[in-house]
Amino acid sequence: MPDSTTQRERMVAHQLAARGIRGPAVLAAMRAVPRERFVPPELSGLAYEDTPLPIGEGQTISQPYVVALMAEAARLSPHDTVLEIGTGSGYGAAVLAQLVARVETVEIRPALAAAARERLKEYPQVTVHLADGSLGLPGCAPFDAILVSAGGPTVPETWREQLAPGGRLVMPVGPSRELQRLVRIVRCPDGAFSQEDLGAVRFVPLIGARGWDGS
Ligand code: SAH
């Protein structure tokens, strides 16, 4: 099997650049993070496949293309502070850490949060929070961008409120637990919100108070 660096080069060329991911910083970030360290050891041989993979508790590490697509859609800058909802394996947070100054990432499942915290020790810009991310992270707001890696029925009002002026929120929204549209919401400097549809996606469900099991 080719070494990990070579596999990443191929992933970037065939799965990302070939599908229209253009940002040099995003492509460099995807080239930098060893995805095999974020999947269960028995699946490390599949780390650069063009697919999500199981990480336990019925959850998945996102497909590389989706991680790159969301990072590009969030229009990140090096000084940004970012909130990621749904740490999962920690892979998305490690990619974001290449692109911005601070990453606050929230995971609701204790075992996944603990494992991700361990893997992300070498990324000092990242803090893993064990909490219900559907309520955002009021203590660390406002955020220049919020990236959500679980699909919810609606856009929680608390997330909009936690965006800085000019901030971007990228998330998968309804209509069912397994099938969503990726949307980008921008908080304009005048306080209004704009919303764009970026296409069909398939994420695991957002749970918690403002997720599928909320009231
Ligand atoms: N970015 C992750 C994707 C993990 S899948 C990665 O690259 O591995 C989505 C994650 O969202 C799951 O781990 C799930 O437990 C978590 N999640 C679902 N609802 C949540 C909520 N309300 N708050 C925080 N995390 C949540």
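The values are calculated or read from the model by the stated rules, or taken from the named source; none is laboratory data. Since the model is a prediction, treat every value here as computed from it, not as a measurement. We place every Cβ from the backbone using ideal geometry, glycine too, and count neighbours over all the protein chains shown. Only protein heavy atoms, including side chains, enter the accessible area calculation; ligands, DNA and RNA are left aside. Shrake-Rupley method; radii C 1.70, N 1.55, O 1.52, S 1.80 Å.
Across segment 181-206, which residue is nearest to the ligand (Cβ to nearest atom) among those that are open to solvent by 60 Å² or more (accessible area, probe 1.4 Å) and in a loop (DSSP other than H, G, I, E, B)? Ranking the qualifying residues of segment 181-206, first place goes to R202. Condition check for L69 on (1) open to solvent by 30 Å² or more (accessible area, probe 1.4 Å); (2) among the aliphatic types (A, V, I, L, M); (3) under 13 Å from the mean Cα position of the chain (by Cα); (4) away from the ligand (no atom under 13 Å from the Cβ): one failure, at (4). Restricting attention to segment 170-180 and to residues that are more than 11 Å from the ligand (Cβ to nearest atom) and part of a strand (DSSP E or B), the residue that is farthest from I85 (Cα to Cα) turns out to be P175. Of the helices (runs of 4 or more DSSP H) lying entirely inside segment 82-169, those carrying at least 1 residues that are of a type in the set (F, W, Y) are 91-97, 157-161.
Filtering segment 53-64 to residues that are open to solvent by 60 Å² or more (accessible area, probe 1.4 Å) and either under 20 Å from A13 (Cβ atoms) or more than 8 Å from the ligand (Cβ to nearest atom) (or both) leaves P54, G58. When T87 is tested against (1) open to solvent by less than 10 Å² (accessible area, probe 1.4 Å); (2) more than 9 Å from the ligand (Cβ to nearest atom), exactly one condition is not met: (2).
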